[in-house]
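Data block below; observations after.
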Amino acid sequence: VGESVDFGGLLGYAPIMPVKEGSCEVFVNRGGRIPAPVQSMKN
């Protein structure tokens, strides 16, 4: 956390972020569907 990784070239770099260790129960109960605002970012 706080570090970054460099992929080089067009991929650039990205910060290393902490992983949420909470429950994924809400996501599973939703049927694995991603809400519209988040799904629209996959373009």
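The values are calculated or read from the model by the stated rules, or taken from the named source; none is laboratory data. What you see is a predicted model; the values in this text were computed from it and never measured. All Cβ positions, glycine included, derive from the backbone under ideal geometry; neighbour counts span all protein chains shown.
Just give me the residues in the stretch 11-43 being modelled with pLDDT under 85 and of a type in the set (V, I, T), in sequence order.
Once the filter is applied, which keeps residues that are modelled with pLDDT under 85 and of a type in the set (V, I, T), the stretch 11-43 yields V19, V26, V28, I34, V38.
In this structure, does G8 turn out to be surrounded by fewer than 10 Cβ atoms within 10 Å (Cβ to Cβ) and at pLDDT below 80?
Here the answer is no, as G8 does not meet what is asked.
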